[in-house]
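The values are calculated or read from the model by the stated rules, or taken from the named source; none is laboratory data. Quick caveat, the model's predicted, so the values are computed rather than measured. Virtual Cβ from ideal backbone geometry, glycine too; neighbours counted across all protein chains shown.
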Amino acid sequence: MIRALLIDDEARARQLLRELLAEHHPEVQVLGEAAHRAGGQALIAEHRPDLVFLDVEMPGGSGFDLLRDLGHWDFEVIFSTAHQHYAIQAIRFSALDYLPKPVQADELAAALERYRHRHTDQRIRSQVQQQFITNIAQADIRRFRLTLTSGDRSWFVPPDEVFRCIADRNYTEIQLHDGRRFVQARTLGDLEEMLLPHGFIRVSRNALLNRAIIDHVDGSQAVLKDGERVEISRRRVSEVKAALTTG
């Protein structure tokens, strides 16, 4: 049984989520609901949940404010948000989970499946939480650090330390300039949305490159500054050239 709380100022959003959970995920027991930050904090203290579904924007303080007030928390969080770019980027960079509003049944099922497969110990969870607090304190998304995990460790990496990202179905290998490689349960499309503002270019279905490592384009190949050549998909050649010119 997963002991959960719903914290969202929209009654209709809470009702929809509650109904989806009851119909499709009876293993999730909703212990209580709150419509604002103070009520959410009281419920958390009372119930000590396993999982909190937490709205980002609420009157009297955001979901981010609630977590900042706690400092650290011993439960998992799945955020909900109505397409706020800054909030979504902060959540993604911190390797946390979110559901866009209105919540869809398939997206809820996927988020709960990811929840079941997370086995982070409290020390690592605390480190990730603190990096999330650091990220949301930044005024500029270009100062976010990317949370990368491997085994029982986590690293917090500035995007400009990433060399390239290579897709393998629903996983992506993130390669750093210093030679380290991290295989993450993220799609390349997800990383593309995160890293485009940081100067990255999608050159093919399988590859995302840091623009700083590309010297020039030769035909349908990106020639890197170390001489390596990376194939560019035909439909992306003009996009890559334009990105390099405007960059």
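Structure notes:
- Just one of the numbered conditions (1) assigned to a loop (DSSP other than H, G, I, E, B); (2) closer than 20 Å to residue 144 by Cα; (3) without any contact (Cβ under 8 Å) to a residue 40 or more places away in the chain is not true of residue 72: (3).
- If you go through the stretch 207-233 and keep only what is assigned to a strand (DSSP E or B), of a type in the set (D, E, K, R) and either touching a residue at least 24 places away in the same chain (Cβ under 8 Å) or at positive phi (or both), you end up with just 231.
- The residues listed here are 204, 238; of these, the one that is without any contact (Cβ under 8 Å) to a residue 40 or more places away in the chain and assigned to a loop (DSSP other than H, G, I, E, B) is 204.
- Output for the stretch 25-47, where each listed residue is over 17 Å from residue 78 (Cβ atoms), in a loop (DSSP other than H, G, I, E, B) and out of contact with any Pro (no Cβ under 9 Å at 6 or more places or on another chain): 26
- Scanning the stretch 128-143 turns up no residue that is assigned to a strand (DSSP E or B) and aliphatic (A, V, I, L, M).
- Contact map, the stretch 97-111: residues that are farther than 17 Å from residue 18 by Cβ paired with residues that are among the basic types (Lys, Arg) and in a helix (DSSP H, G or I), Cβ distance under 8 Å, separation 6+ or inter-chain. Pairs shown: 97/114; 98/92.
- Put simply, of 91, 44 the only residue that is assigned by TED's automatic domain parsing to the domain that holds residue 12, crowded, with 21+ Cβ neighbours inside 10 Å and under 15 Å from residue 125 (Cα atoms) is 91.
- Qualifying positions in the stretch 180-192 - touching a residue at least 60 places away in the same chain (Cβ under 8 Å) and acidic (Asp, Glu): 190
- Top-ranked residue in the stretch 206-247 [being polar (S, T, N, Q) and surrounded by 14 or more Cβ atoms within 10 Å (Cβ to Cβ); ranked as nearest to residue 170 (Cα to Cα)]: 206
- The stretch 127-156 - residue that is among the hydroxyl-bearing types (Ser, Thr, Tyr) and surrounded by fewer than 16 Cβ atoms within 10 Å (Cβ to Cβ) and, of those, modelled with the highest pLDDT: 134
- The requirement of being basic (Lys, Arg), within 23 Å of the chain's Cα centre (by Cα) and over 26 Å from residue 131 (Cα atoms) is fulfilled somewhere in the stretch 12-30, by at least one residue.
- Residues in the stretch 158-181 that are part of a strand (DSSP E or B) and within 17 Å of residue 211 (Cβ to Cβ): 162, 163, 164, 165, 166, 174, 175, 176.
- Test result for residue 77, in the same structural domain as residue 13 (by TED's automatic domain parsing), farther than 23 Å from residue 156 by Cα and not aromatic (Phe, Trp, Tyr): no
- Filter result for residue 72 (at pLDDT below 90 and in the same structural domain as residue 33 (by TED's automatic domain parsing)): yes
- Test: residue in the stretch 13-24 that is in a loop (DSSP other than H, G, I, E, B), more than 28 Å from residue 137 (Cβ to Cβ) and at pLDDT 95 or above: no
- From the options 34, 82, residue that is buried (at least 16 other Cβ atoms within 10 Å of the Cβ) and without any contact (Cβ under 8 Å) to a residue 60 or more places away in the chain: 34
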